[in-house]
Amino acid sequence: MPVGMDGRLSRETDVWSNWLRNHRYGGDADYERNVRSRVAVYVKRVLDGAKLWPGMTLLDIGAGEGAVGLAAIERLGARLRVVFTDISPALLRHAEALALCAGVVTQCKFLLTSAESMSPLAGASVDAVTSRAVLAYVPDKLAALRQCYRVLKPGGRISIGEPVFRDEALAACALGQVLAARPPDHSDRLMKLVQRWQAAQFPDTLEAIAQNPITNFSERDLVRFLQNAGFCHIHLEFHIDVNMAAPAPWEVFINTSPHPLAPTLAEIMATQFDAEERRFFKQAMSPVIESGERVCTERMAYVTAVKPYL
């Protein structure tokens, strides 16, 4: 089923489009508005770092639903050209439909390609490169950044905004180690279920953390990768925001997941909890979720760099 003129996602799916359509917002309009308002902040920071001006060609890697590229056109108007790339055909079609609805599709080009390849793009063919929440899922981040260097014109800028999930994984690992070291204790019942939940969404051993693309790097590694790719004038801002999570209905919360590769809590409970564990876990956790008493920590790395003139 193709993407409609209203910009809604096609029924054709993959892990990336499935997350956007089903598991990012939990099917709740209020929760979606809350998430989209946070995403708009990330997009603004990435575009501020790109320092765009009219007449440029922007390459947006892992464009998804086109949030960064379409916001760039909204900023710059008709004299900006944007190349959207993604590995998801469904998301590229979705971004194209949104561009069509916005009346800017003639300024856009849509390419199905991975960040590590970008073979359809000629060298020194774009003025700026952006990515938001893309490199975290790329196994070979250095290869991707070398491709960014290749396609940028001398003097061109790259601006990226990446979630850093390492601490979530280390927390799951530490909780597992603590619980394993304790003698069996009924008072640990809730914490054992929480650890099972965390371990299903993030790697929970040091070996698994080191092997998983979403957890085997830090914000400082991004700087090192950019240096090794040949970039100069590298600037890193690492933002840690600790806030109370917005209240959410229990059924909405359990049908969301923190990233495209993670199962939802509903899926985890269905496959890894028995009926009594599900009842106990809901009874203990739903008041916390629905009242907004849960602390939420977000870690985002914003990095900019320049391809030097030869």
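The table for this structure:
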quantity	calculated
The range 37-91: number of residues that are of a type in the set (D, E, K, R), at pLDDT 95 or above and part of a loop (DSSP other than H, G, I, E, B)	1
Filtered residues of the range 284-310 (kept if among the small types (Gly, Ala, Ser) and either in contact with a Phe, Trp or Tyr (Cβ under 9 Å, 6 or more places away or on another chain) or not in a loop (DSSP other than H, G, I, E, B) (or both))	ALA284, SER286, SER291, ALA301, ALA305
The one condition in (1) in contact (Cβ under 8 Å) with a residue 12 or more places away in the chain; (2) closer than 22 Å to ASP127 by Cβ that THR205 fails to fulfil	(2)
Answer from PHE238, PHE281 - the residue that is under 30 Å from TYR149 (Cα atoms) and either in contact (Cβ under 8 Å) with a residue 60 or more places away in the chain or assigned to a loop (DSSP other than H, G, I, E, B) (or both)	PHE238
Criterion (on the phi < 0 side of the Ramachandran plot and either outside the structural domain of SER125 (by TED's automatic domain parsing) or in contact with a strand residue (DSSP E or B) (Cβ under 7 Å, 6 or more places away or on another chain) (or both)) met by exactly one of LEU91, LEU52	LEU52
Matching entry among LEU265, LEU226 (being touching a residue at least 12 places away in the same chain (Cβ under 8 Å), out of contact with any strand residue (DSSP E or B) (no Cβ under 7 Å at 6 or more places or on another chain) and surrounded by 15 or more Cβ atoms within 10 Å (Cβ to Cβ))	LEU265
Whichever residue in the range 121-151 is in a loop (DSSP other than H, G, I, E, B) and under 24 Å from the mean Cα position of the chain (by Cα) and, among such residues, is surrounded by the fewest Cβ atoms within 10 Å (Cβ to Cβ)	PRO139
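Residue by residue, here is whether (1) at pLDDT 95 or above; (2) more than 16 Å from ARG299 (Cα to Cα); (3) not aliphatic (A, V, I, L, M); (4) not assigned by TED's automatic domain parsing to the domain that holds LYS282 holds:
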site	(1), (2), (3), (4)
ILE158	yes, yes, no, yes
LEU175	no, yes, no, no
VAL178	no, yes, no, no
PRO184	no, yes, yes, no
SER187	no, yes, yes, no
VAL194	yes, yes, no, no
TRP197	yes, yes, yes, no
GLN201	yes, yes, yes, no
ASN212	yes, yes, yes, yes
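The values are calculated or read from the model by the stated rules, or taken from the named source; none is laboratory data. Keep in mind that what you see is a predicted model, and the values were worked out from it rather than measured. Heads up, the Cβs are rebuilt from the backbone with ideal geometry, glycines too, and the neighbour counts pull from every protein chain shown.
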